[in-house]
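This report concerns only the one structure given below.
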Amino acid sequence: MADPQFDIAGYLHFLGEKKIMASRCRDCGKVYLPPRPICPDSHTRNMDWAALSGEGEVKSFTTIAIVPAAMAARGYGRDRTYVSGFVALKEGPTVPARIKTGETPVTIGMPVRADFVEETDGERHHATLVFRPA
Amino acid sequence: MAGNGRKLARGVAVIGGAMTPFGAFEDKSSRDLMADAYTEALGTVDKGLDPGDIEALYVGNFCSELFERQSHLGHLVADWLGLTPRPATRVEGACASSGLAFREAVMAIASGMYDVVLAGGVEKMSSVSTAEVQEYLALASDVCMEVDQAALTFPGLFAAIASSYFARYGASREHLMRVAVKNHDNGALNPNAQFNRSLRDVMDKRRQKARERGKPVPQWADEYEFLRDERANPVVASPLHLFDCSPVSDGAACVILVAESIAHNFTDNVVRVAASAQSSAAPPATWNQDLTTLPAVRSAAQQAYEMAGIGPADIDFAEVHDCFTPAEIIATEDLGFFEPGRGAFAAADGLTSRKSDRPINASGGLKAKGHPVGATGLAQLQEVWHQLRGSAGKRQIDHKDLRLGLTHNVGGTGGTCAIHILERS
């Protein structure tokens with residue numbers, strides 16, 4: 001692929017390399033995830049890449065019992081639920097993601113760290129960002 | 001965005017409005033439902049309206065291409081209603097589609113372009129499986145980030161908002177239950193409601209079914225015990241259970257708008273549009289620290305109050321977008337009816353009930369009335385119009401004089417919000 005751009009494709013490309021790359025506005029310093037081309041604060045297109053640590057804490061979450069088809073295909077359902085929610089990253093941005101803690105119950109404020117998994121939806125393979133207990 | 005002091009360039013009034021019953025109607029397409037709402041709405045115009053006088057129509061619809069394999073709904077509706085060659089424009093803003101359609105109609109008249117405009121909204125959802133409904137509704141979120149990456153469902157997103165609210169303000173599922181019980185009680189008085197019955201009626205029906213099948217008859221002391229019963233009310237996405245979610249619905253709603261200057265040709269009981277406001281917001285990941293307020297609602301509410309020259313305390317009653325029970329609680333805060341964090345407790349104290357000072361969702365709301373997503377905004381508007389005219393039948397709010405009614409219509413998880421205030425002249 002050509003050089004990754006400040007967009008969703010660029011974000012997913014870096015996830016495949018196990019990196020969380022955000023865009024940082026060179027004019028105001030604000031960090032955006034997923035990376036975006038235009039800064040809503042400065043209204044400029046003057047972005048730089050910023051590598052995020054993947055450390056953060058659970059901002060909110062839910063345990064999903066009525067699952068979408070893609071998750072049903074992976075064996076999830078009423079008898080095998082999963083947790084998803086929002087993780088606030090150390091560097092500022094929040095990201096929606098699944099939170100995999102095994103037997104440990106998820107709580108708001110729980111420290112978590114990023115992990116990267118390869119997933120298949122039908123024909124499509126993609127890297128997915130998930131979080132595990134820090 | 002603060003309010004910008006904008007006013008309509010000329011006054012706009014509502015002279016007719018109706019909705020179809022909401023429910024599952026196997027043999028009715030969107031066009032048919034829209035035609036039913038239209039015929040009914042024409043019949044509500046006090047002095048009558050010649051359909052030939054309608055100059056344009058706006059049709060709110062979320063995704064007929066997926067639910068019915070039919071795009072380009074505008075011209076088909078115009079044809080079915082016998083209104084071609086008038087301009088027909090489909091408007092999409094997820095579950096706020098017909099709030100936006102109404103707003104387009106308001107602006108088309110206020111601009112001076114037209115004097116008589118029809119605003120319709122419709123969704124036909126029951127033709128696909130529940131799993132497909134869930135998948136299609138999720139398309140109103142940020143699909144790449146929230147669905148493909150995070151596997152969040154639509155109830156899941158509102159569940160995360162509820163979890164955040166609980167953690168910050170010490171509320172619980174018990175508060176959500178109050179909203180469900182109230183809205184079902186209200187729906188029991190609404191003949192067009194999909195759940196035209198209270199939760200007590202729902203419980204009786206289940207007991208009767210158990211008896212007929214010779215199964216053990218469940219014993220619930222009251223509605224709350226029923227809602228706490230995991231078998232009767234299973235979890236969808238914690239903390240949301242089945243009875244926290246609005247149902248899958250088919251239905252249409254329709255309102256007829258005219259320039260206020262000619263409203264007296266159609267009725268002596270004029271209801272004018274006091275405010276029309278709309279805002280957008282980025283996905284929830286970008287919101288405030290804890291997801292307990294919807295920025296687009298705050299912004300649209302501020303614009304609406306400024307345009308009407310009033311404050312939240314002046315609103316006599318409201319129809320709010322309770323797609324999930326926590327959404328009603330947060331709406332009552334974002335609209336300024338209660339302080340942040342007080343909405344759940346206010347609901348539990350009965351401050352939103354039909355006998356309260358400011359009834360919320362006297363129609364039964366999306367929860368009991370049903371939620372054919374593209375029809376919801378106009379179903380709210382026709383309800384407020386009927387209440388202001390005193391023509392709401394058994395569900396009429398009759399313990400206070402009604403002058404100002406508000407509608408709050410939200411698309412997605414708050415990405416779009418349309419707020420309207422109607423005023424009895």
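Each value in this text was obtained by applying a stated rule to the coordinates, not by laboratory testing. No experiment lies behind these values; they were computed from the predicted model shown. Reconstructed Cβ throughout: ideal geometry from the backbone, glycine too, with neighbour counts over all protein chains shown.
Summary of computed values
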read-out: Net charge of neighbours whose Cβ lies under 12 Å from the Cβ of B:Ala275, counting Lys and Arg as +1 and Asp and Glu as -1; value: +1
read-out: Per-q log10 I(q)/I(0), the stretch A:55-133, q = 0.25 Å⁻¹ (Debye; single scatterer per alpha-carbon; no solvent); value: -1.23
read-out: 14 Å beta-carbon shell around B:Gly412, net charge (K/R +1, D/E -1); value: -3
read-out: Computed magnitude of the charge dipole of the stretch B:89-147 (debye, nearest 20; Cβ of K, R +1, Cβ of D, E -1); value: 220 debye
read-out: Sorted by Cβ density within 10 Å, fewest first, the residues B:Ser198, B:Ser64, B:Ser425, B:Ser246; value: B:Ser425, B:Ser198, B:Ser64, B:Ser246
read-out: Chain B: most fluctuating residue of B:Val410, B:Val122, B:Val273 per GNM, C-alpha cutoff 10 Å; value: B:Val273
read-out: For the stretch B:1-68, with +1 on Lys and Arg beta carbons and -1 on Asp and Glu, the positive-most of B:Thr44, B:Thr20, B:Gly5 along the dipole; value: B:Gly5
read-out: Longest segment of chain B lacking GluC sites (Glu not before Pro) that sit in a DSSP loop with at most 11 other Cβ atoms within 10 Å; value: B:27-229
read-out: Cα-based Rg / Dmax (Å) for the protein assembly as shown; value: 23.7, 72
read-out: Residue order, fewest to most surrounding Cβ atoms within 10 angstrom, among B:Ile54, A:Ile108; value: A:Ile108, B:Ile54
read-out: Net charge dipole size for the stretch A:55-133 [Lys, Arg +1 and Asp, Glu -1 on Cβ; Debye, nearest 20]; value: 180 debye
read-out: Dmax and Rg, reported as Rg then Dmax, of the stretch B:198-353 (C-alpha, Å); value: 20.7, 65
read-out: Average Cα contact separation per residue, chain B, under 8 Å, 6 or more apart, as relative contact order %; value: 27 percent
read-out: Stretch gain in nm, segment B:Gln396-B:Lys47, where the contour uses 0.36 nm per residue and the Cα spacing is subtracted; value: 123.4 nm
read-out: Alpha-carbon Debye profile of chain A, log10 I(q)/I(0) at 0.10, 0.19 Å⁻¹; value: -0.37, -1.11
read-out: Set of lysines near B:Lys367 by C-alpha distance (under 28 Å), chain-local residues within fewer than 8 positions excluded; value: A:Lys59, B:Lys28, B:Lys124, B:Lys182, B:Lys205, B:Lys209, B:Lys355, B:Lys394, B:Lys400
read-out: Helix-only mean residue ellipticity at 222 nm for chain B, each DSSP H run of n ≥ 4 adding -39500 (n - 2.57), per residue, nearest 500; value: -10500 deg cm²/dmol
read-out: Sparsely packed GluC sites (Glu not before Pro) within the stretch A:90-134, loop by DSSP, other Cβ within 10 Å at most 12; value: A:Glu103, A:Glu123
read-out: Average projection area in nm² (convex hull over Cα atoms of chain B, one quarter of hull surface); value: 19.6 nm²
read-out: Cleavage-rule hits (trypsin sites (Lys or Arg not before Pro)) in the stretch B:170-221: DSSP loop, at most 11 neighbouring Cβ within 10 angstrom; value: B:Arg213
read-out: Candidate aspartates and glutamates - alpha carbon under 19 Å from A:Lys19, same-chain residues fewer than 8 apart omitted; value: A:Asp3, A:Asp7, A:Asp48, A:Glu55, A:Glu57, A:Glu91, A:Asp115, A:Glu118, A:Glu119, B:Glu146, B:Asp148
read-out: Average beta-carbon neighbours from other chains, 10 Å sphere, peptide B:141-150; value: 6
read-out: Whole-Hz couplings from phi, Karplus 6.51/-1.76/1.60, listed for the stretch B:272-277; x for Gly and Pro; value: 9, 8, 7, 7, 9, 9
read-out: Percentage relative contact order, chain A, counting C-alpha pairs under 8 Å, at least six apart; value: 21 percent
